[in-house]
1. Return yes when residue 173 is over 24 Å from residue 83 (Cα atoms), within 22 Å of the chain's Cα centre (by Cα) and assigned by TED's automatic domain parsing to the domain that holds residue 375 and no when it is not.
2. How about region 356-381: which of its residues are among the aliphatic types (A, V, I, L, M), over 20 Å from residue 158 (Cβ atoms) and surrounded by 18 or more Cβ atoms within 10 Å (Cβ to Cβ)?
3. Give region 382-403 a look and list any residue that's modelled with pLDDT under 95, among the hydroxyl-bearing types (Ser, Thr, Tyr) and surrounded by 13 or more Cβ atoms within 10 Å (Cβ to Cβ), or say none.
4. Can you list residue pairs whose Cβ atoms sit under 8 Å apart, with the first residue in region 345-372 being under 17 Å from residue 131 (Cβ atoms) and the second being of a type in the set (Phe, Trp, Tyr) and exposed (fewer than 15 other Cβ atoms within 10 Å of the Cβ)? Count only pairs 6 or more apart in sequence or on different chains.
5. Only one of 123, 153 is of a type in the set (Val, Ile, Thr), touching a Cys at 6+ places or on another chain (Cβ under 9 Å), over 25 Å from residue 398 (Cβ atoms) and surrounded by 23 or more Cβ atoms within 10 Å (Cβ to Cβ). Can you tell me which?
6. Considering only residues that are part of a loop (DSSP other than H, G, I, E, B) and of a type in the set (A, V, I, L, M), look in region 683-705 and name the one that is nearest to residue 599 (Cα to Cα).
7. Anything in region 32-61 that is among the basic types (Lys, Arg) and in contact with a helix residue (DSSP H, G or I) (Cβ under 9 Å, 6 or more places away or on another chain)? List them, or say none.
8. In region 576-594, which residue that is assigned to a strand (DSSP E or B) and within 15 Å of residue 619 (Cβ to Cβ) is farthest from the chain's Cα centre (by Cα)?
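The values are calculated or read from the model by the stated rules, or taken from the named source; none is laboratory data. Only a predicted model underlies this, so the values are computations on that prediction, with no experimental measurement involved. Cβ: placed from backbone, ideal geometry, glycine included. Neighbour counts: every protein chain shown.
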Amino acid sequence: MDAVDANTLHSLDPNLFVDGSLSQMLRDHASRRCQTVNQQDRLAWRQMENRVDWESFVQPRIEALRVSLGDFPDPPDDLNVQISGNIEGKGYRIENLVFESRPGVFVSTNLYLPRPLQESMPVILLVHSHHNPKVQGELQDMGILWARSGCLVLVMDQFGYGDRGFHLPGHRQDYWFRSITGVQLHTIGDSLMGWMVWDISRGIDLLLSQKGADPEKVIVMGSVAGGGDPAAVAAALDTRISCAVPFNFGGPQPETEYPLPENAEETFNYLGSGGWESTRNLRLSGRDGFLPWVIVGSIAPRHLLYAHEFSWDQDRDPVWQRLKTIYNWYGVPDHLDYALGAGLLKGRPPEATHCNNIGAIHRQRIYTALQRWFGIAPPEQEVQERHPDEQLQSLTPERKETLEPTHVLLGNLGAKRIQAVRKNLSKSPRKSLQEHWANLLGNIEPIGFPSATPCKPKQFGPVRLERLVLTVEPHILVPMLLFRPEGSASTIVALSQSGKAAFLQHRADELAALLDQGIAVCLPDLRGTGETAPEGLRHPRSSASALSATEWMLGQSLLGARLRDLRCVLAYLEHRYPDSQFGLWGDAFVSQNPPTLTDPLLESDTAPTTSEPLGGLLALLGGLFEDNIDAILVRNTLAGFQSLFDDCYCYIPHDATVPGALNAGDLCDIAATLVPRPLRLEGLVDGRNCPVTPEAIHRIYEPARNAYADVSHNLCLTPDPKNTLASWWANAFDTTT
């Protein structure tokens, strides 16, 4: 038989669509489903006629919100409050406090108290924006002004901010680091929103423990740009909150078109859209119906200030109309008010009222409302009496050195959850893990049998090349190349984020060797990979992350959808070649970071390479869910999700992360269920996309080594370079014959 020429493979045009038309496919698919959610929401609202209808609608959605945020511990009996310093001012006192919100998690705060203390004092908790921590000037202004007006005011560093950050200090590092913190929290089954909301509720515990605190006057204010999100969710879940002031959450955003169109009720995006900022696009919100306006509306009949950083089209805002209707149903229209600024996001001060948290112009209507509702006297004048950052430090460096860094603390939580899974695996661990992972990934079942559109085949000597397009569901196409030698009895499906083009470019020699041995190779571009990939970069804070986050909102995941595509490809191939053996080859083509990597500041020009573990993840998951897979090769993928906690930094794309992954074991547990099928792993990376040593791989994959103990020759964790990929595949298929 003539040898297959690797250069010929390398020079093949991999694309089936010359115009790049598939690059918009994923966005259009997500957009249509988001529109469906908005249509369903509009219909549900129109069917409501009274308070009973509203409560029947909202209560299960708020409970679904609570569940979506992750696990919560029992509230602590003792907050373990520690005072690290204080500042005396005219008419106020600042106490620098640290309290323990959950075991090992300490919250740094500034408590502003009136001087002298009063017999009964409203309490105000200020949630800072994603721009700056608790020391920012506007937060100091509000703390001092309201303390002088007789209120107890608490300003906390949110999780990962200010005194609580364990990453490199630098310009906006707290802000950028939210992406990593969010990934790590999602991986253990929790969320950044959940941890922020928990801290807010424990902050309320702290405020109400102060002598003279009035439990009937609990006010939470969420700043512009990310502070309003957790403030609104906290108010929805913690009914002790008497009044909420969530800026830029629930309705039009600073980025929303202004003015709104005449038909805004029909066209408004009530669901919102995904992004790397995980507090702004809540996972499962579209599937389970807790849209931002629903969260804000659930605060009724308590007091609500619907707040906007810039100009607001009050007359056309459909959310405002809904809120007024809800408060009328409760008979308390006076419990609803608004605050606003001026200008637009793209404008410049003073015409556009930009602020870091809540500016003086935004506070004017807040003062009026709080005086009407709670008798809080407005300040006689706006003053700025700001203190240096170091004077407001709560968690001292000496105290911080005694604490576990965030990634260690979260990694330990994840390890406990993995162990709980392993203890509870039934006598059928594969079935148990199938149930766990199916629950995490979303719908992974093929939607019917895929239809195929073939192009004219081409013959390369003994190898036939087919260009095929599978329609795996409406509007979702999978273009693929199928190389099949004459009389082939084995087929490998090769998978990567970069798709078929990268295999032809980087693996032409290995593909040629496989074809020479009579092994067929299928190169599919699953949705969002290869020529179906959306245009643009794939760094963690890119539009690719936004698409992945939108899938999470809709109750799906891109990893799960791609697994569904893979299963469709396999079903098609099995139908055509029922007697064939099948293997899965997952690979990646990005460079690995050196073991000596020094992490730079995030968003710097020297950003480390982000891993692309999709191919390997799909190969393992395909083996978990498909019985007819005879052998699996995993190359250049993540060693395990627990490696995301080896360091405070991790570099992994959003669409390769799995919320709750460590509540379903880890990749080594999936590998253990593949026994006795031949399994080869090579070039594995850790959470920072650095190579993992052979010793670490043997330790991490102990569950798989134990499972393969009787057939240890079928598990290859440290491949012999002499055992080429082609020879390994040939032996693997012979083993399973």
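1. Criteria met by residue 173.
2. Scanning region 356-381 gives 366, 369, 370, 376.
3. 396
4. Taking only residues 6 or more apart or on different chains, not a single pair turns up.
5. On the way: 153 fails: touching a Cys at 6+ places or on another chain (Cβ under 9 Å).
Answer to the check: 123.
6. Pass one, region 683-705, residues part of a loop (DSSP other than H, G, I, E, B): 683-684, 686-690, 692-693, 701.
Then drop every residue that is not of a type in the set (A, V, I, L, M), which leaves 684, 692.
Values: 684: 20, 692: 17 Å.
So, considering only residues that are part of a loop (DSSP other than H, G, I, E, B) and of a type in the set (A, V, I, L, M), the one nearest to residue 599 (Cα to Cα) is 692.
7. Within region 32-61, 33, 42, 51, 61 meet the criteria.
8. Residues of region 576-594 that are assigned to a strand (DSSP E or B), as a first pass: 581-586.
After this cut, where a residue has to be within 15 Å of residue 619 (Cβ to Cβ) as well, the list is 582-586.
Details: 582: 33, 583: 31, 584: 28, 585: 27, 586: 24 Å.
It comes out as 582.
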